[in-house]
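Shown next, in structure tokens, is the structure this report addresses.
The values are calculated or read from the model by the stated rules, or taken from the named source; none is laboratory data. Nothing here was measured: the structure is a model prediction, and the numbers come from that model.
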Amino acid sequence: MAERDGDFGAFLAGFMIGGLVGAAVALLLAPQSGEETRTFIHDRSIELKDKAAEKAETARIKAESAAAEARAKADELSKLTQEKANELMKKGQEVYQSQKSKIETVVQKKPKTDEGESSEVTVEG
């Protein structure tokens with residue numbers, strides 16, 4: 001266990017020293033002065049922020065458009081479904097009335113039988 005702690009400590013020390021050496025070399029070999037570098041970083045950050053805001057606005061507009069389109073399609077489908085349901089209900093009522101009148105006609109035409117006899121009624125349709 002102590003070996004692992006020593007290995008990790010050596011790794012951490014090497015990592016820190018490597019980072020410091022890298023930063024020093026970057027500063028020594030940088031083609032621009034510190035102020036120029038800071039100005040460049042500042043300008044680039046402003047550009048990136050503006051681009052990000054522009055992309056976010058574009059995405060928001062597209063999302064709103066897609067949501068409005070989906071809402072319109074849903075409303076249209078709902079209306080069509082309601083129309084079909086009403087149409088089917090009317091057809092069902094028509095069939096019901098037709099069958100009801102056929103049955104009433106058959107019942108009215110049926111001769112009365114004695115109580116002991118049974119008769120079958122067939123409905124043609």
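Scanning segment 7-35 for residues that are assigned to a helix (DSSP H, G or I) and at pLDDT below 75 turns up 24, 27, 28, 29, 34.
Just one of the listed residues (44, 4, 38, 71) is assigned to a helix (DSSP H, G or I) and modelled with pLDDT of 90 or more, and it is 71.
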